[in-house]
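Since the structure comes first, as structure tokens, the remarks are kept for the end.
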């Protein structure tokens, strides 16, 4: 059966195009569906919500058999696609389902003045109860400050964001997929700024903040480039490169991101851009669950992230004021 003119309603969206169905013969008949549809606006929240719900339960099976009882070739386009507060423009996506594979792709979409692309492929393993996963994608020139604002957060980082990722894993359930992730990911910002935080002032204060600085949010650190690259193995992302270069400050970051435990274990090093012998440097430990990260200035040599994790986990303060350095607290900059 085929329809050269087809209209499909999904929630509040109306998609128009063409499509058809076919039922194969034989002892195991298989239903196939194909459609090319377009809409002015598509609400993607139900689909994204279903994926989020699936990944919230680590014990959920990822076997493909229940998802691939028929074939599907669905191509969709929309002037506007919405996921909660996020609005994607000029969206082109596809869903392909075969006997042994499922592929969901965002072939192209515009987001906050930039472009995003992504592809998720699930393939049946040698053991039918196991699934192999491959995910790859990229973002280019996305307004990070605007994106954070749309998501309900503060615009504490601004600038055009670009990056890419290529990850793979395999397992029988969601927890196994997450704990087995391997691959690479990287992001960079050219010509951005940290709002509400003056890193030069943090260096002068030995890692401390001026009283009320975060509440006033009157600090700012502009930078030429900030970038971070991670290499994943068994669900642990090791930072292979991370640095920030501003007009008067340089910062590097080392440590790990744990996807199974959803926690950070890192150390940041801040120093004046034109570092001289004896110049002051500050080390700041960053650790804890993603939703309760704590930071604290450190002294002495930079420890290995893994060896310091038990100590960092007990840190509760945010950039504790330094020990007295013999200067009034109101002093922002000084010369010897």
> Rg and Dmax of segment 14-64, using alpha carbons, in Å: what are they?
Replying inline: 16.4, 42
> So what's the projected area for segment 1-87, the Cα convex hull averaged over all directions, in nm²?
Replying inline: 7.4 nm²
>> If packing is taken as the average number of other Cβ atoms within 10 Å across a peptide's residues, how do 197-203, 101-107 rank, most packed first?
In response: 197-203, 101-107
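Regarding segment 128-185, what is the average projected area of its C-alpha convex hull, in nm²?
Hull-based average projected area comes out at 5.1 nm².
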> Could you list log10 I(q)/I(0) for segment 18-150 at q = 0.12, 0.18 Å⁻¹, which the Debye formula gives when each Cα is one point scatterer?
Replying inline: -0.57, -1.15
>> For the ranges 165-176, 16-27, what's the packing order if you count other beta-carbon atoms within 10 Å of each residue, average per peptide, and put the highest first?
In response: 165-176, 16-27
> Relative to the compact globular guide of 2.2 N^0.38 Å, what is the alpha carbon radius of gyration of segment 70-120, as a ratio?
Replying inline: 1.24
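Let a ≥ b ≥ c be the square roots of the eigenvalues of the Cα gyration tensor of segment 92-146; is it rounded (a/c under 1.5), or, if not, prolate (a/b larger than b/c) or oblate?
Prolate is the answer for segment 92-146, as a/c is 1.5 or above and a/b outweighs b/c.
Quick note: the coordinates plus some simple rules give every number you see, no bench work behind them. All values derive from a computational prediction rather than experimental measurement. Note that we place each Cβ from the backbone using ideal geometry, even for glycine, and neighbour counts take in every protein chain shown.
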